[in-house]
Amino acid sequence: MQEILKEEQKKERVILIAVDSDDSGKNFGISMEASLKELEDLLETAGAEPVGRMVQNRERATSSTYFGKGKVEELKAMIAELSADAIAADDELSPAQMRNLEDELGVKICDRTMVILDIFAKHARTKEGKIQVELAQLRYASQRLTGKGIAMSRLGGGIGTRGPGEKKIEQDRRLIRDRISHLKDELDDIVKNREVLRKQRERNMVPVIAIVGYTNAGKSTLLNKLTDSDILAADMLFATLDATTRNLKLPSGQEILLTDTVGFINKLPHHLVDAFRSTLEEANYADVILHVVDSANKDSATQMAVVYDTLNRLKCIGKPVITAFNKVDKVPASEEPPILKDLRADYTVKISAKFGEGLEELTALIEKVLSESKVLIEKTIPYSEGAYLNQVRKFGQIVEEDYRAEGTYIKAYVPRRLV
Ligand SMILES: Nc1nc2c(ncn2[C@@H]2O[C@H](COP(=O)(O)OP(=O)(O)OP(=O)(O)O)[C@@H](O)[C@H]2O)c(=O)[nH]1
Ligand SMILES: [Mg+2]
């Protein structure tokens, strides 16, 4: 809270810049307007104040200063006029672009990636989350370690500050390398630990449903509503950075595990994808993907495309998908209802996580998908393996059962994992 108050006192005034290359293929067709609006939301979440925008139409950004010469002059005037403290580019800037712009403009230069990294740093709560953020920041910074060390100065912490000479850069590089390898070791331990837990879960054969979706879609709200929990759900981007798992008993009595995950966003920095791989990959261990969509957002279709692209990047493919079109309460009755379609999903359902609408239908769908993913087995289980038989009874549907000399003969539909 104190942190927030401090930020309220002096917010950095930021001008957003972007190059509109009219390349409709990139960005999943997300409009420049939507992308800039999102960058504004990101900046606000990071505690800054967006005060203006400048867009240049050109084939592509210049490699030296991102904008062309004339436009940089215009930007300089705008900075003075709006007393801006910083510039935020909607694309990832190269080290050279960053350095040159800083030289030209004399204000802090950042890009979308840095803003997202900042938010992640602010919202990281667990040890794992903090390590992952620091790893991503260090990797990003180490690429930008050039004469001026602009990026490094943002990290505080004493490694590398402004204006180091060549020798200093070498030292910084080594410090960063050491720190990265230390963090990786720590992260490995945590990940190993989680694998043990995951194995235990698998042994218990409780199906796992991973909730995925664009940031702010309502994933945590849904988990809270379904499982009566109170994990943080808030109207901000990347409220959730850690995977949280809760038990849920379906109407049929079957137990499942629901996992809430970190949200996706367009142009998710690859440093973050790499660093957060273990968290993001939670979805890979799930039996079913529950895709939550903010259907009140007019960019929901493109956001869905980003989600599927990210799942592909994480090699999370071939699992049954249920898409929940959330926030249906938010669509004004006067407006034409949005077309809610997801051809990639096996099932879709309209819900309001906040007001609890459509949740029965949703849990029924989860049951349906789980029962569909069961397979028929026919075997004789030795009497010494009573525990296994109990699992079959608990999680499967017995079609035929017969007590024989060698053991219990069964014919049953069981979850794939029991085979
Ligand atoms: N009107 C309405 N608002 C909703 C609904 N579901 C979620 N919200 C709101 O949407 C905002 C984001 O919800 P979260 O549950 O934090 O979203 P998330 O997907 O977990 O977001 P991140 O963790 O930040 O990626 C909150 O302000 C919620 O109250 C809904 O069904 N209707
Ligand atoms: Mg969340």
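Values computed for the structure shown
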| read-out | value |
| --- | --- |
| Residues located in the stretch 225-242, provided they are closer than 30 Å to G396 by Cα and touching a residue at least 60 places away in the same chain (Cβ under 8 Å) | K225, L226 |
| Single condition D242 does not satisfy, out of (1) within 16 Å of ligand 2 (Cβ to nearest atom); (2) in contact with a His (Cβ under 9 Å, 6 or more places away or on another chain) | (2) |
| Complete set of residues in the stretch 235-258 that are buried (at least 18 other Cβ atoms within 10 Å of the Cβ), among the hydrophobic types (A, V, I, L, M, F, W, C) and under 25 Å from Q132 (Cβ atoms) | L237, F238, A239, L241, A243, L257, L258 |
| Looking only at the stretch 176-205, and only at residues there that are touching a residue at least 60 places away in the same chain (Cβ under 8 Å) and closer than 17 Å to T259 by Cα, the one that is farthest from the chain's Cα centre (by Cα) | M205 |
| Sole residue being surrounded by fewer than 18 Cβ atoms within 10 Å (Cβ to Cβ), within 9 Å of ligand 2 (Cβ to nearest atom) and not polar (S, T, N, Q), chosen from L223, L232 | L232 |
| Residue list for the stretch 208-236, filter: touching a strand residue (DSSP E or B) at 6+ places or on another chain (Cβ under 6 Å), at pLDDT below 95 and assigned to a loop (DSSP other than H, G, I, E, B) | S229, I231 |
| Residues being within 6 Å of ligand 1 (Cβ to nearest atom) and not basic (K, R) - total across the stretch 219-235 | 5 |
| Residues of the stretch 49-64 classified as polar (S, T, N, Q) and either at pLDDT 95 or above or in contact with a strand residue (DSSP E or B) (Cβ under 7 Å, 6 or more places away or on another chain) (or both), total | 2 |
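The values are calculated or read from the model by the stated rules, or taken from the named source; none is laboratory data. All values derive from a computational prediction rather than experimental measurement. Cβ coordinates were reconstructed from backbone atoms using ideal geometry, including for glycine residues, and neighbour counts include every protein chain displayed.
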